Amino acid sequence: MCGIVGIVALSDIIREPIGRIIRRCLERLEYRGYDSAGIAVIEGSKLVVKKGKGKIQELAKKLEFDHTHGIVGIGHTRWATHGKPSDENAHPHVDCTGTIAVVHNGIISNYLELRHELESKGHVFKSETDTEVIAHLVEEYLRQGLPVFEAFKRAVARLEGTYAIAMITTLEPGKIFFARLTSPLVIGVGDGLKLVASDIPAVLEYTNRVIVLRDGEIGYVTPTEIYIEHNGKPVDWKQRVRVITWSLDMASKGGYPHFMLKEIHEQPLALVNTLSGIEISQIKEVCKLIESADRIFITGAGTSYHAGLVAEYLLVELAGVDVHTFIASEYRKFLNLADDGDVLIAISQSGETIDTLMAVRAFKTRGCRIIAISNVVDSTIPRESDIAVYTRAGPEIGVAATKTFTTQIAVLTVISLVLARERGMLRPDEYNFLMSQLQEVPKLVETIIRMHEPKCQVLAKYLKDKTNVYYLGRGLGVPIAMEGALKLKEIAYIHAEAYPAGESKHGPIALVETGYPVVFTVLDDYYVDAIVGNVMEMKARDAFTIALVPRKYVTKFGKLCDFVFEMPNIDYRLSPIPYIVPLQLLAYHTSVLRGLDPDKPRNLAKTVTVE
Ligand code: G6P
């Protein structure tokens with residue numbers, strides 16, 4: 001995830017250097033990315049680009065953003081996806097002639113093909129990014145004699161993936177060209193001044209009137225004009241101008257009261273970006289490494305460990321490989337087993353958790369090969385690994401991991417499916433079916449949030465005064481129960497414990513009395529009867545029972561339980577992602593009702609860098 005911004009204004013409206021305005025806009029978007037930043041401004045008839053690796057404030061000082069003058073400019077704050085954070089990979093990107101500058105948020109999934117095509121026509125690339133192809137594509141169509149907007153449209157039509165783009169060129173210096181597909185983009189509507197930006201906070205200092213662009217819309221703004229097209233037809237945007245009443249602080253959370261809620265709601269987009277950003281050639285490389293290994297170890301801490309438990313289940317069940325998963329700080333448990341024929345999969349959203357890093361280093365000394373799954377490009381764990389596969393969830397600010405958990409599972413599910421296919425454990429039709437169901441998961445998550453958030457708010461009223469909750473599941477439902485319990489414990493400060501449901505009779509049930517909440521995660525047909533038995537045992541002790549069940553079992557569980565969440569009827573091996581979402585929302589709303597701050601739970605840190 002990245003943040004983009006563009007501003008164009010009449011010269012008598014702009015009372016300060018445009019570079020300073022862009023810098024301030026970017027600071028409000030910094031939550032979307034902060035590993036590098038840059039601006040491009042047309043000064044006189046020249047395109048001036050200032051960019052580099054580092055935080056906006058430091059770069060602005062070093063490169064003198066505030067001393068850049070002009071009436072049109074664009075800016076970018078980056079969260080690296082393609083290409084590590086570096087001066088070259090920072091946006092804006094320019095074409096060969098140095099007259100076109102582009103900023104982009106999203107992923108161009110066909111960029112390698114486009115890059116090869118453009119290189120064969122003589123274009124010279126300066127970065128490793130997917131974005132740079134856009135500037136060269138526009139240049140290519142301009143070479144063919146098209147006017148700028150036509151060339152921009154032709155270029156955008158060639159792109160696959162997700163994007164919010166802003167482009168300026170010295171050929172038409174009073175305009176910002178823009179396009180949007182999946183990645184967010186808004187237009188700020190000022191008098192004698194227009195802005196484009198990834199999010200509303202970036203424009204709020206200059207105008208509170210905005211148009212939220214829709215998928216497939218493309219156009220340009222000048223200081224006094226807005227032109228939008230969709231499918232080649234002009235769009236009547238006048239009725240779509242919204243007046244924003246949020247405060248600037250609320251706006252940086254996109255109108256959500258907390259980052260955690262925002263990040264829960266961002267999951268459909270984070271999943272689309274992660275799934276569309278996966279390079280199957282890299283996954284095949286990962287599979288080759290796993291295939292050649294004697295043993296597979298998986299490690300992680302906190303939520304990342306739970307993603308590891310999901311992966312263990314999928315790798316064993318789908319691909320039939322020998323997997324041992326352990327909590328990172330307990331790495332010595334398996335160290336004696338590990339040798340140079342083995343592989344360790346290290347999962348860490350930050351890529352910096354010390355326990356996971358120590359496990360990686362220890363296993364490396366035994367000759368193990370390391371595969372990292374991380375959300376932060378070029379962080380320590382991926383850097384020290386043989387292969388790094390990245391999730392594309394964007395920065396996560398809330399301490400409790402949400403969107404990084406579901407995107408980790410998305411990547412690990414793809415690895416398991418590809419490996420199962422390569423090992424002949426899935427027929428081509430089964431593989432294709434599961435892969436296409438996986439692509440539907442982001443939409444399902446969107447529906448679950450819409451359908452179940454009001455229910456979570458109701459249930460939170462019941463939970464908020466409780467002191468203990470059990471989360472019980474079987475099979476793949478166990479790691480989801482563990483993650484659900486962790487969420488409630490860490491942000492609502494309610495003691496929550498997860499168990500395999502079968503274990504409940506070996507101790508936990510001794511605590512159950514009238515009104516004791518017990519949450520069941522039911523994913524797999526195979527376990528339905530056994531879980532029905534467990535629910536009955538809890539009911540017999542007057543527990544308050546809550547179940548997440550596939551649609552086909554809603555009636556059955558509806559008769560038994562006090563509260564039922566209807567979940568989609570998809571293959572249970574793809575269910576971990578949708579199932580965790582109501583449990584995240586439940587923890588969030590319980591925390592808020594208890595008057596707590598879910599973004600900053602006491603005693604906890606986002607990244608733990610001490611043992
Ligand atoms: C901390 C965070 C958790 C996170 C865990 C592992 O405990 O509060 O949300 O799951 O660290 O972090 P990592 O960055 O390695 O995934």
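The values are calculated or read from the model by the stated rules, or taken from the named source; none is laboratory data. As the structure is a prediction and not an experimental result, all values here were calculated from the model. With ideal geometry, Cβ positions are generated from the backbone for all residues, glycine too; neighbour counts draw on all protein chains shown. For the accessible areas, the whole protein counts, side chains as well, though only heavy atoms, and no ligand, DNA or RNA atoms are used. Shrake-Rupley method; radii C 1.70, N 1.55, O 1.52, S 1.80 Å.
Data for the structure
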read-out: Total lysine pairs whose alpha carbons fall under 25 Å of each other in the range 255-426 (8 or more apart, or interchain); value: 5
read-out: 17 Å Cα-Cα reach of K466 towards aspartates and glutamates, excluding residues that sit fewer than 8 places from it in its own chain; value: E490, E497, E513, D542, D562
read-out: Nearest-20 debye value, the range 295-416 charge dipole, Cβ charges on Lys, Arg, Asp, Glu; value: 120 debye
read-out: Part-to-part distance (alpha-carbon centres) for the range 574-611 and the range 244-312, which is given in Å; value: 15 Å
read-out: Farthest positive-ward along the chain dipole, Cα basis, beta-carbon charges - from I107, Y141, F563; value: F563
read-out: For the chain, calculated [θ]222 nm from helices alone, where every DSSP H run of n ≥ 4 adds -39500 (n - 2.57); value: -12000 deg cm²/dmol
read-out: Rounded to whole Hz, the Karplus (6.51, -1.76, 1.60) HN-Hα couplings of the range 152-168, x for glycine and proline; value: 4, 5, 4, 5, 4, 4, 7, 8, 10, x, 10, 7, 10, 10, 10, 9, 10
read-out: Karplus-derived 3J(HN,Hα), 6.51/-1.76/1.60, for each residue of the range 293-306, Hz, glycine and proline x; value: 8, 6, 9, 10, 10, 10, 9, x, 10, x, 4, 5, 5, 5
read-out: Given charges at beta-carbon only (K, R positive; D, E negative), |dipole| of the chain in Debye; value: 1100 debye
read-out: Solvent exposure, largest accessible area first (probe 1.4 Å, DNA, RNA and ligands not counted), of K487, K51; value: K51, K487
read-out: Accessible area of R20 in the full protein assembly, 1.4 Å probe (Å², nearest 10); value: 80 Å²
read-out: Amide proton proximity set for E217, modelled H, under 5 Å, gap of 5+; value: R180
read-out: Proximal charge balance of P92 [Cβ under 15 Å; K/R count +1, D/E count -1]; value: 0
read-out: Charge-dipole axis of the range 24-89 as Lys and Arg at +1 and Asp and Glu at -1 on Cβ define it, positive-most pick from G52, G38, G83; value: G83
read-out: Accessible surface, the chain, averaged per residue in Å² (probe 1.4 Å); value: 37 Å²
read-out: Within the accessible area of the range 255-426 (1.4 Å probe), percent carbon and sulfur; value: 47 percent
read-out: Candidate lysines for bridging to K51, where Cα separation is under 25 Å - those fewer than 8 sequence places away on the same chain excluded; value: K61, K62, K84, K126, K175, K194
read-out: Summed residue charge, Cβ within 12 Å of P395's Cβ, Lys/Arg positive, Asp/Glu negative; value: +1
read-out: The range 211-286: GluC sites (Glu not before Pro) in DSSP coil with no more than 15 other Cβ atoms inside 10 Å; value: E225, E279
read-out: Dipole of the chain, positive direction: furthest Cα of S11, L434, P601, with charges on the beta-carbon; value: S11
